[in-house]
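The values are calculated or read from the model by the stated rules, or taken from the named source; none is laboratory data. This one's a predicted model, so the numbers in the text were calculated from it and none came from an experiment. Neighbour counts are summed over all protein chains in view; Cβ atoms, including those assigned to glycine, are modelled from backbone coordinates with ideal geometry. Side chains are part of the model used for accessible areas, which takes the heavy atoms of the whole protein and leaves out ligands, DNA and RNA. Shrake-Rupley method; radii C 1.70, N 1.55, O 1.52, S 1.80 Å.
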Amino acid sequence: MVDSKQNEEQSSVDDVGDLAARSTNSSCVRLDVDDATGFQFIQMSNNCLLLSNVFLSASFITLAKNHAGCMQKDENGNFSVIDEVCDKKVYGFKPSSFITNIAAIAGVLVAFLLPFIGAIVDYTRYRKLIGCIAAALVISIQTIQIGTVEATWFFMTILQAINGFLSQCVRLAAFSYLPEIHRIVGDRIMPQLNTRFFILAACASITYLVLVAGSGFLTKTFNNDVKTAQIGQAVDMVVSGIFYALGFYFFTKKGAKTRVARKRVLVFCRVQTGLLYR
């Protein structure tokens, strides 16, 4: 009896080990654990999205300075500096402070709204749906921001703050799969998967930068922040859109991670959880 039980336990361990080994020895893109495959695509998309924000931030500063009268636009669409110091204000702020204001607004949205999104992810079966909706909205805003020009730049900064919050919603939904991935592959294989995630995300970043730089060189717009940002948004719309679609295609539907007690409001569950970990 004891030997039989030990053999069954050993067989179970071997099965988990075999699955873990296959999870790192699969094809270049697809892993045997579908959730791990989905997570790596989300990481690749997030890196490209982050880099596109760098180009867009430079465009916002240039257009804000142009609006303030510190820069001027020539007949070729290129911007040149008139006032190096640029103490003038636009909508009550200095042009150089718009990026920090965007980050501050996004941070406030994350602080107040992300706990409720987290409650939906933890206490309902809609975590994949939340991620899909947030990713679709992110790509939609990226597409709209291709039209960032003198007449639209301020509206685009508002969208950028919203996009900062939405991108965190995507990350929240994606990272909620990590504990389950860890349980499947085990402690021995998870570090290898993490390394794979980082390497593929870095490769995606390099590919994105090459595409943007190559496009800028071919169109001779690499010295124009506004046009470079437009190219960056267009490339990211395609690249991140494909990676997000693949990521949530491979993510499996999951049930609620935690059951809500009867006669309890979902919002209070998240507030109580937050207080417990303070």
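Selection of the stretch 202-223 for residues being buried (at least 16 other Cβ atoms within 10 Å of the Cβ) and either assigned to a helix (DSSP H, G or I) or under 15 Å from the mean Cα position of the chain (by Cα) (or both) yields A204, S205, Y208, L209, L211, V212, S215, G216. Restricting the stretch 55-80 to residues that are without any contact (Cβ under 8 Å) to a residue 40 or more places away in the chain and part of a helix (DSSP H, G or I), the residue that is surrounded by the fewest Cβ atoms within 10 Å (Cβ to Cβ) is A68. From the list L166, L159, the lone residue that is under 14 Å from Q233 (Cα atoms), touching a helix residue (DSSP H, G or I) at 6+ places or on another chain (Cβ under 6 Å) and either crowded, with 17+ Cβ neighbours inside 10 Å or free of Cβ contacts under 8 Å to residues at least 24 places away in the same chain (or both) is L159. Of the residues that make up the stretch 193-201, is at least one charged (D, E, K, R), modelled with pLDDT of 95 or more, surrounded by 13 or more Cβ atoms within 10 Å (Cβ to Cβ) and out of contact with any strand residue (DSSP E or B) (no Cβ under 7 Å at 6 or more places or on another chain)? Checked the stretch 193-201: no residue is charged (D, E, K, R), modelled with pLDDT of 95 or more, surrounded by 13 or more Cβ atoms within 10 Å (Cβ to Cβ) and out of contact with any strand residue (DSSP E or B) (no Cβ under 7 Å at 6 or more places or on another chain). Does the stretch 92-99 contain any residue that is open to solvent by 30 Å² or more (accessible area, probe 1.4 Å), closer than 23 Å to I146 by Cβ and not in a loop (DSSP other than H, G, I, E, B)? Yes, the stretch 92-99 contains a residue that is open to solvent by 30 Å² or more (accessible area, probe 1.4 Å), closer than 23 Å to I146 by Cβ and not in a loop (DSSP other than H, G, I, E, B). For first residues located in the stretch 109-130 and within 23 Å of Q160 (Cβ to Cβ) and touching a residue at least 40 places away in the same chain (Cβ under 8 Å), partners that are in a helix (DSSP H, G or I) and of a type in the set (F, W, Y) and lie 6+ apart or on another chain with Cβ distances below 8 Å form the pairs L109/F165; V110/F165; L113/F165; L114/F165.
I'd like to check something: does the stretch 186-196 contain any residue that is in contact (Cβ under 8 Å) with a residue 40 or more places away in the chain and at positive phi? Yes, some residue in the stretch 186-196 is in contact (Cβ under 8 Å) with a residue 40 or more places away in the chain and at positive phi. With respect to the conditions (1) closer than 23 Å to V239 by Cβ; (2) touching a helix residue (DSSP H, G or I) at 6+ places or on another chain (Cβ under 7 Å), I189 falls short on a single one, namely (1).
Each row is one residue, and each column tells you yes or no for (1) at pLDDT below 85; (2) within 25 Å of K128 (Cβ to Cβ).
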| position | (1), (2) |
| --- | --- |
| N25 | yes, no |
| D32 | yes, yes |
| Q40 | no, yes |
| C48 | no, yes |
| T62 | no, no |
| N66 | no, no |
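Scanning the stretch 81-91 finds no residues that are under 29 Å from V239 (Cβ atoms), buried (at least 19 other Cβ atoms within 10 Å of the Cβ) and either among the aliphatic types (A, V, I, L, M) or modelled with pLDDT of 90 or more (or both).
Please go through the stretch 114-142 and give me each residue that is surrounded by fewer than 20 Cβ atoms within 10 Å (Cβ to Cβ), of a type in the set (S, T, N, Q) and modelled with pLDDT of 95 or more, ordered by number. Within the stretch 114-142, S140 is the sole residue that qualifies.
Of all the criteria given as (1) modelled with pLDDT under 95; (2) under 21 Å from the mean Cα position of the chain (by Cα); (3) closer than 17 Å to L51 by Cα, the one not satisfied by Q160 is (1).
Residue pairs whose Cβ atoms lie under 7 Å apart, separated by 6 or more positions or on different chains, with the first residue in the stretch 85-97 and more than 15 Å from F155 (Cα to Cα) and the second open to solvent by less than 100 Å² (accessible area, probe 1.4 Å) and in a loop (DSSP other than H, G, I, E, B), are C86/C70; K88/G69; K88/C70.
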